[in-house]
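Data block below; observations after.
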Amino acid sequence: MVWILAMIIGVLVTVASYLIMQRRIIQVVLGMAVLSHAANLMIVASGWVGDGKAPIVPKTGGPLDPFAYVDPLPQAMVLTAIVISLAVTAFLLVLAFFTYRKFGTDDIDEIRRLKG
Amino acid sequence: MRSLILQTIAPVVLHLTLLFSMFLLIYGHNQPGGGFIAGLMTAVGIVLQWIAVDEEEGRRRFNWPYERIFLAGLALSTLTGVWGYIKGAYLKSSIYRFELPFIGDVELFTAFLFDVGVYGVVVGVVMCIFTNLCEEEAKDS
Amino acid sequence: MDNTFIIVFFPFAAALIIPWFAERFRKHAAWFAMVAPVVSTWALFNLYSEWAAGGRQTFTRAIAWVPAANVEISFMVDGLSLMWGLLVAGMGALIVLYSHWYLHEHEALGRYYGFLIAFMGSMLGVVFSDHLISLFIFWELTSITSFFLIGFWSDRDASNYGATKAILITGSGGLAMLGGFLLLGDVAGEWRLSELVLMPDIASQVSLGVFLLIILGAATKSAQWPFHIWLPNAMEAPTPISAFLHSATMVKAGIYLLSRFYPILGAHPAWGYVVTGFGMTTMIAGGLLSLRAYDLKAILAYGTISQLGLIVTFLGYGGKGAIIGATLHLYNHAAAKAAMFMTVGIIDHEAGTRDVRLLGNLKKLMPKTHVLAVIAALSLIGIPPMGGFITKEMLYEVSLHPGGPGNWSWFWPYLTVFAGVFTALYHLRFLSEPYWQAAEGEAPKHPHDPPMGMLAAPAILVLLALAFGLAPGLIENAIVAPAASATLGGGAKVELHLALWHGVNLPLIMSVITMALGLALYFGFAHVKTVLDACARIWGKAPAPDRIYDGFVNWLRNGTWEILLLIQDGNLRRYMRWMFVLPTIAVLYLVWRMEWGANVFPKGFAGASFLLVVIALMIAGAALATALFRRRVPAILALGTMGYGIAGLFLLLKAPDLALTQIMVESASVVLFLLVFYYLPELKPVPSSAAKKIRDWGIAIGLGVCTTLVMAAAMNTHKFRTIADYFMRTSKPVAGFKNVVNAIIVDYRGYDTLGEITVLVIAGIAVYALMRLVGEMKCDH
Amino acid sequence: MNAFFPMFVVLPLAVGTFLFLVRKNRALQESVSLIALLANLIFAGVLLHATADGTIFVHRMGLWPFPYAIVLAADRLAATLLFLSSSIVGACAVFARSYLTDEQRKEAFHPLLHFLLMGMQGCFITGDLFNLFVFFEVMLMSTYALLGFYYNLDQLEMAFKYTCLNLIASALFLLGVSLLYAQVGTVNMADLAVKIKLLGPTPLMVVTALVFVFVFSVKAAIFPMHLWLPSAHSISPTPISAILAGVLVKVGIYSIIRCATLIFPAAFLILQPGLILLCLLTIAMGALGTLPQTSIKRILAYSTINQLGYIAFGVALLSQAGLAAAVFYIVGHAYLKSAMLLGAGLNQKLTGTVDLEEMGGMMGKAPFASLLMLVGFLSLAGFPPFTGFFAKLFVLQAGFAQGAILATGVALGFGVISLYYNFTTYQRYAWGTGGGEVGAAGAGIYGSVAFLSAFAVIFGIGAYWLFEWAQLVAAQLTNPELYIAAMRDLG
C-alpha cells in the first residue's frame, strides 16, 4: 500500500516535471495541475496509517477509539490545498491565455524577452 | 455547444444541483459536505447550465454581481471570526439555540455562518473567473 | 569638547554645511571652507601643547559606537599622529587657499569644498584612529571622498575612468585590509592599536595571510607596484586635489599604516621581504615611467610613486635610522611635491595645457612660478640648502649602516644612490622641458604669471622646505623625532641633531656622485630615451598591470553576459531544469552519504487491494497520456480522467469529502481548461529532439524516484501519535460536528480556511482586474 | 496584547475587502487605505515595544488548546519584521499614490496591496507550519496579481514565469509538510520542535529539512531558486518591486531562520556546509548578474540576490552572532533596497526611463534625487557610515569568529564586485553627459524615498541601537525553549 501510494506520487511528479520542462505553454500549465495533484496526494499519504473508517464519528457518544478512523487532519489540509491550487491554476490559465495571445506563440523558447 | 437534450435537461439538473448543494452545505457538519463542496457544486451547476444554453441567454440569466458575492462571503467569514474575537479568541466558535415558531429548537453554529461565507466565496470566485473568461472569448470570436 | 574630536569631527560637520554657503556666496566660497582646516589646525596646536605638557605620553580618546560588535571610534594621540595631523590640516589650509584662485566661479564649488573638507576630516580620522575598525572606517571615507574629487569634472570620460580605477583598487585593498584587521583582532583579542603596540609577541601569532592582507591595504593606497596604476589616472582631478590627495596626504596613508604597524608587525618574518620588495619595485617602476611621461602631472605622479617606493623600502628595511630617514623624507616630500603640483596647476591654468611638448620657455614667461618650481624640485633632488638635502644625506647615512635583517647590507648604498639619480633625472626633466627648453608645439593660451594669491600657497610650502634646510632645529625634535619614536615603538628614544653641513663624509660623497650621474644622464637624455623606448617596446607585449586592470574591468562589463546567460537565459525550461536537478542531486547526495539503517523502507505491498492497483494504474496511465498526447483537447481530457482517478483513490483512502471536492474541482478546471484552450488557435507543433526528450525524461524520472523513496520512507516512519486524536475525540462533544474533517476546516483550523478563501478572493480580483481594467489585449505581434 | 495581534491579519483583510467594494470612489479608497496602513504601523510599533522585554505573545485561534489550535505567536523577530513590513508597505502606498497615474488600474491596486500585507504579516505571526503555507499562498497570489499590473509583454512574461516557479515551491512546501506530518504527526512549530528533537536528526529528517531549505530558498532567492527574482523585481511596477525586495524576500529568510533555530536545529548543523556553499553561490550569482545590466532596477534586483546571500550566510553560520548579524542585515537591507527601488521609480518619473544608457548627469539635473541614490549606492557597496557597512561587517565578524575563514574570505572578496557595480552604476547615473530633460515628481514620491533612505543613515550612525536589538532578537532565537514554553504555557 505504502509503495503503491508512493509510486503513484512518483509517477505524478515525473509526469508533472516532464510536462513543465516542455516547450508549449499548455504543457506547462497541465504540468502544474498534475504537480498540484501530486502534492495533494502526498499530504493524504502522510496521514495514512492503515485501515480505518472515514473520519465521521457516530451519533452515539461514549469513548471513542481514534485508531478506528483515518487521520482527518491531512484531509482537511488537502481540502485547503485543493482549493488554493484551483485558484492558482485558474489564474495561471488566464495568464497563459493572455501570454499565448499577446505573444502569438505558445512556444516557451520564444517567450524570452527577459534574459540575463 | 448547444444541444437540444442538454438544453432541456439542464434547468432540471441546475435545480437539482442547487438543491443538493444546499443539502451539502447544511449537513456539512455531520456528513461529507460543507461550504467548499457546496460552493463548487453550485458553481459547476451554473457553469454547465451556461454552457448548455445560448451564450447570450447564459449571460442574461446569470449576470449576477459575482464580485459582490465573493466579497460578501469573505466579509461574512471574517466577521464571524471577529464575533469569536469578542467572545475570547479570533474564530472562537459558539453555539446558539433558538426557539423558532413552527420549527422548534434550532442550533446555530457560528462555524456554520463561517461555512456559508466560504460557500459564497467559492461560488463567487469560480463564477467570476468563468464569466470573465467567457466574455473575453466572446470578444475574441 | 575634547581637541581630538574637534580635529576630526569639525571638518565633517563643516562639510555638511559648506556646500550651502559655497553655492550662495560663490565669490567667497573658499573662505567658508577655510574655517575647517583652520579650526582643526588650531585644535591640533592645543592638542600638541596638551600632549607636550603631559610629558609626551600617548593618550587615547574613545567613543563607543557598537560596543557589542567591537566597533568604536577612538583616537590615539602620539608623536606619529600629531605629525601627520599637522601635515594634513596645514596642507588642507594651503590647498583651500590655492583652490580659491584655481577654480572658476561657475564650477560646482559646493560639491568641491564639501568633499575636500570631508576628505580632510577622513584623513585626520585615519591618522588619529586608535581602533582597527575606526581606522578602516576613515580609510574607506578617504577612498569615497577621493572618488568624488577625482571625478569632480564628472562630464569627462577620463575623470570617470580615473575615479572608478581609484575606488576599485584602493577600495579592494581596503577590503583586504578589513579582512586582515578582523582576523588580527580575533587572533590578538584586542582591537586598539595603542594596546596592540604593547603586545610583545603579537607578530609571531599573525599568520602570513593576515599579514599580507594588511600590507595589501597599505600597498594599494600608497600606489605600490603593481597597484600604482590608479594614481596617474587620478590626475584627472583638479590640480589642488592632486596636490593634496595624490601627493601629500592620501597616497601617504599607506605609509602611515606601515609606520603604525611597524611596532606591531615589524617583527614578522615576512615584513622585510614583502615591504621592501614592494618599495623597491615601485621605486624603480615609478622612476622609469616618469621618464616616459609627457603630461606634467603624470611626470609628477610617477615621481610620487617612485618616492613612495623609496619611503616604503626604508620602512620595510626597518631599524632606527631607516625609520627616521623615512619619516624625514616623507615630510620633505609632502611639502615639495605639493608645491610642484601647484606650480603645474598654475601652468595648466594659465597655458591651458600640461603637455611638456607644447610648453616651453616658461622661465621667461612665468618667472615667479619658475622660481618656486626650481626650489621645490631642487629640494627633492637634494641640493643644499633645501630641506631635501638633509633628508637625502640622512638616507645615505642610513644606507651605510642598515640595521635590518639579511645579508643585503652591501646593496643598500647602491640602491639609494640609484634612487637619487632617478630622482634627479626626472626632476631635471620636469624643470627643463617646460621652463628651460623651447616648445615643440603651441600652447592653447599665452602663459603668464598668475595673481599673487595663487602663488601664495606654493610659496609657503617652498619656504617651509627652505626653512627646514636652513634651520632644521625648528621641527626636528618637536615633530619628527616623536613621530619616529612612535613608529619605532617600545618607547624608543629618538634625538635628532640635523644640520645642513656636517663635514665631508661618505654621504656627502654619495650625494656628489648622485648629482654627477644625474646631470650626466640628463645631458644624455636622448640616449636614455632611446633605451627606454626600446624597453617599452618589449615591455609593451607583457601583461602590464594597466592592461590586466582594463581587461578585468572590460570582462566585468562585457564578458559576464555569456556566463550569466548560462543560468539566466530567460528560458523557463532552463530555469525549471535548474530547480529540478540541483535539489535532486542534493537529496541523492544525502541519501548516499547518510546512514539510513534498516527498516527505513516498508517491506512488500501489504494492504494493497485489487481495486487500489486498478485505480493506481488508471491514474498513472492517464498521467502518462497527459504527457504524451500531442493535441490539446485529448491532453486536457486525460488530465480530467486522472483527476477523477484521484477522486476514486481518495474514496479508497476513506476521504469522502476529498473525493467530492476533487470531482467538483476537476469538473470546474476541465471546463476552464477547455474554455481557454479550445478557442485559441492550434499553433504549429514544436518538435523536440530525441536527445532533449531523453534528458527531460531523465530529469523527471530522477525527481520522481526521489519523491517516491522519500515519501515511502516517511510513510513508514510514524513515530508519534498525531494531533488528530484530539480532533476525533472532541469533534462531537465540544465542537458539535460529526464530520471531523469539516470540523477541522471551519472550526479547529478555520484560520487556514480564512486564508484560503482569501486566496480565492484574490484570484477573483486578479482575474477581474486583468479582464476589466487592462482592456483590449490584442496580439502585439 | 495576546488578544490583540490577530489584528495584523484581520485588519488588512477587512480593509482590503472594503477597498475593493468602494473601488469606484477613489478618494475614499486611497484615504482609507493610507489610514489603515498607518493604524497597522502603529499596532506594529506597539507590539515591537511590548516584545522588547522578551515576552512572547501567543494567541490560540478559537481558544483550542495547544498544539491542536493554530497558534499565533510574536517574538522579537516577528515583531521586528511586522514593523518592517508595515512601514515599508506604508511608504510604498504613499509613493504609489502619486506614482501610478492610470486611475482605472488603481482600482485593484490598494485592495491587493492590503491582501499582500495580510499575507506577509500572516507569515510572520503564525506558529503553525501549514498555516505558514496558507499565508505564503495569500502573499503569492497577491503578488501574482500585482506583479504584472500593466500586463505589457514584459510583465506578462515575467508574471507567467514567476507564477510557475513559485508553484513549484508551493508543491515542494506541501511535500515538506507531508514528510513532517508523516514522521511526527503535528504541524505546530513548537510541537514540531519538541518532537523533532526527540527523534533526533535522522537521515529522513535531514532530507525534510533540505526540502524546506529549498522551499524557502525560492522566496529568499537563494541559488539555485533565485531565478524568478531579477525579472520580477525589475519589471513589476516600482512600488511592488520595492515591497518585493524589501519585505517579501525577507519572508523566505524569516522562514529559514525559524527552521534553523526552532524546528530543525540539529538537521541544519548537518546541512551547514551545503548551506554555506549555497550562500556563497548566491553572493557570486548576485554580484555577477549586476555587471552586464543597463537597467537600474535590474542591477538592484541582482544586488538583492547578492545581499540575500550575505544575510543567508549569517543565518547559515548558526551562531548567535551570525543570527544577530543577519537580523541587522535584514532590517538594514529592507529599508535600503526599498528606498533604492522607489528611488529608481522616482528617476523613472523624472526622466521616463530606468535605463542607464539613456540617463546621465543626474547630479546636476536632479541633485536631491541623486543624493538619495548616492546614499543608497554607498550603503549597498558597504561603505561607512551607512547600514550596509555595518551589516557586512557584522556578518564577516561572525564568520571569522566562527572559524569559517575561507568562506568568509570569499564573501568578503565579492565585496570588490559590489564596490565596482555600485560605483559604476552611480557614475553612469549621476555623472557623464547623457540623458535628456528632467521632469518633476510629487512630494509624496520624494517624501517616501527620503523616508526610507533616512533609515540607511539612521541605522548607520545609530547602528548601536539596531545591533543591540538584533542581539536581543538573536538571543531569543538561540533559545527556542522560550518560544516553545510560551506556546505551551499560554496556549
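Below are the figures for this structure:
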quantity	calculated
Net dipole in debye of chain C [+1 Lys, Arg Cβ; -1 Asp, Glu Cβ; about Cα centre; nearest 20]	2060
Cα gyration tensor shape for segment B:59-141, rounded if a/c is under 1.5, else prolate or oblate	oblate
Residue-averaged 222 nm ellipticity for chain C, from DSSP H runs of 4+ at -39500 (n - 2.57), nearest 500	-23000 deg cm²/dmol
Between segment D:404-421 and segment A:42-116, the Cα center-to-center distance that results, in Å	43
Highest-first arrangement of C:494-501, C:606-613, C:247-254, where packing means the average Cβ count within 10 Å	C:247-254, C:494-501, C:606-613
Loop trypsin sites (Lys or Arg not before Pro), segment D:1-53, which have at most 12 other Cβ atoms in a 10 Å radius of their Cβ (DSSP)	D:Lys24
Three-way shape call for segment C:305-346 based on the alpha-carbon gyration tensor, with the a/c threshold at 1.5	oblate
Amide N of segment D:356-373 lying under 16 Å from the label point, which is placed 7 angstrom from the Cα of D:Glu437 along Cα→Cβ	D:365-366
For segment C:154-221 and segment C:76-134, distance of Cα centres in Å	21
Segments C:664-676, D:345-357 sorted - mean Cβ within 10 Å per residue, highest first	C:664-676, D:345-357
Kyte-Doolittle at least -1.0, axis length at least 24 Å by Cα - qualifying DSSP helices, chain D	D:26-51, D:76-99, D:103-125, D:129-147, D:153-184, D:203-220, D:265-290, D:296-316, D:320-351, D:443-461
Segment D:249-406: relative contact order as a whole-number percent, Cα under 8 Å and 6+ apart	22
Signed unit charges on C-beta, dipole axis of chain C, positive-most listed residue C:Val670, C:Leu488, C:Phe341	C:Val670
Most mobile of B:Ile129, B:Ile51, B:Ile26 in a GNM of chain B (Cα contacts under 10 Å)	B:Ile129
Between segment C:47-68 and segment D:69-104, the Cα center-to-center distance that results, in Å	47
Nearest 10 degrees, 0 to 90: helix A:2-20 Cα axis against chain A principal axis	20
Of C:Lys27/C:Lys297; C:Lys252/C:Lys493; A:Lys53/D:Lys219; C:Lys221/C:Lys368; C:Lys252/D:Lys392, pairs whose Cα-Cα distance is over 31 Å	A:Lys53/D:Lys219; C:Lys221/C:Lys368
Set of lysines near B:Lys92 by C-alpha distance (under 23 Å), chain-local residues within fewer than 8 positions excluded	C:Lys732, C:Lys738
Radius 12 Å from Cβ of D:Ile243, net charge of other residues (Lys, Arg +1; Asp, Glu -1)	+2
Cross-link reach list, lysines versus D:Lys24, counting only Cα pairs under 18 Å and skipping chain neighbours closer than eight places	D:Lys106
Chain B: DSSP helices with Cα axial extent of at least 15 Å and average Kyte-Doolittle hydropathy no lower than 1.6	B:4-27, B:35-52
Reachable lysines, given that their alpha-carbon falls under 21 Å from the alpha-carbon of C:Lys693 and they are not under 8 places away in the same chain	C:Lys684
Which of C:Ala542, B:His15, A:Pro58, positive extreme of dipole for the protein assembly as shown (C-beta unit charges)	B:His15
Most mobile of A:Leu12, A:Leu41, A:Leu95 in a GNM of chain A (Cα contacts under 10 Å)	A:Leu95
Leading residue at positive end of dipole, the protein assembly as shown (Cβ point charges), from B:Ile86, C:Val8, C:Met579	C:Met579
Packing rank of C:375-381, D:463-469, D:117-123, where each peptide gets the mean count of other beta carbons within 10 Å, highest leading	D:117-123, C:375-381, D:463-469
Structure-based [θ]222 nm, chain D - -39500 (n - 2.57) summed over DSSP H runs of at least 4, per residue, nearest 500	-25500 deg cm²/dmol
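Quick note: the coordinates plus some simple rules give every number you see, no bench work behind them. Predicted model only: the values in this text are computed from it and were never measured. Cβ sites come from the backbone with ideal geometry, for glycine too, and all protein chains shown count toward neighbours.
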